[in-house]
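Student: Have a look at the structure that comes next, please.
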Amino acid sequence: MKNRYGNIIAYDHSRVRLQPQEGESGSDYINANYVDGYHRPNHYIATQGPMQETVYDFWRMVWQENTAAIVMVTNLVEVGRVKCCKYWPDDTEIYRDMKVTLIETQLLSEYVIRTFAVEKRGVAEIREIRQFHFTGWPDHGVPLHATGLLGFIRRVKTKTPPTAGPTVVHC
C-alpha cells in the first residue's frame, strides 16, 4: 500500500527504516533507500514521490534523518498522470505530530526553492528545511541544455549545511 508501483520497492539491504509507531504494523516502512555519495556513505536518500497515504511517513523520515534538503525532480502531474502528491502546505499544515510551515517561496526560471519550518510535537526544536523543485525536467527525456540543471545542483549544494543528514531526492 505504501508503494506507488508494485514493481518498484525498497531494497531490504539499504532501505530507510522509520522508527516504528506504537500499535501500527508496517509503520517502519517507507519506499526509500540510502544511496552513497562520493566518499560519503548514505549521503542521499532516493524515494518515490509521496502519495497522500505516505505524506506523514515522508515528513517523519525527513525529521528522523535530519534532512535539510529535499530535491524534487518531477512535477505534480505530467502527461495527465499524477506523479507526486502535494506534500507541502501553502501556509501551515499538521501531519499528526509534525507541523510544517511554508516560510518562503523563491521562483526561478527552471526551479523553485521552498523553505519550511518543521516542528515535531514534544521536541523543542524548529528545523529549517529547503525543497529544491526542478521544474524544467521533461517527463520522458532529459533537459535540452545542462546549464539550468548544473546551476540547480550548485544551489542545492551551497544551501545545504555540511552537518545535515542525507539529502532526500524524489521523482
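The values are calculated or read from the model by the stated rules, or taken from the named source; none is laboratory data. Predicted model, so just to flag it, every value in this text is computed and none were measured. Quick reminder, even Gly has a Cβ in these numbers, built from the backbone with ideal geometry, and neighbours come from all protein chains shown.
Student: Is segment 135-155 home to any residue that is surrounded by 10 or more Cβ atoms within 10 Å (Cβ to Cβ) and within 14 Å of the chain's Cα centre (by Cα)? Explain how you work it out, then say what you get.
Tutor: Going through segment 135-155, the residues surrounded by 10 or more Cβ atoms within 10 Å (Cβ to Cβ) turn out to be 135-139, 143, 145-155.
Next cut, within 14 Å of the chain's Cα centre (by Cα) only: none.
No, every residue in segment 135-155 fails to be surrounded by 10 or more Cβ atoms within 10 Å (Cβ to Cβ) and within 14 Å of the chain's Cα centre (by Cα).
Student: Could you tell me which residue of segment 4-16 is nearest to GLU53 (Cα to Cα), considering only residues that are touching a strand residue (DSSP E or B) at 6+ places or on another chain (Cβ under 8 Å), at pLDDT 95 or above and of a type outside the set (A, V, I, L, M, F, W, C)?
Tutor: Top of the filtered list is ARG15.
Student: Name every residue in segment 99-116 that is charged (D, E, K, R), farther than 13 Å from HIS133 by Cα and surrounded by 16 or more Cβ atoms within 10 Å (Cβ to Cβ), in order of residue number. I'd like the intermediate steps shown before the answer.
Tutor: Within segment 99-116, the first condition is being charged (D, E, K, R), and the residues that meet it are 99, 104, 110, 114.
Keeping just the survivors that are farther than 13 Å from HIS133 by Cα gives 99, 104.
Within segment 99-116, just LYS99 meets the criteria.
Student: Restricting to segment 1-37, what's the tally of residues that are exposed (fewer than 11 other Cβ atoms within 10 Å of the Cβ) and outside any loop (DSSP other than H, G, I, E, B)?
Tutor: Residues that pass the stated criteria total 0.
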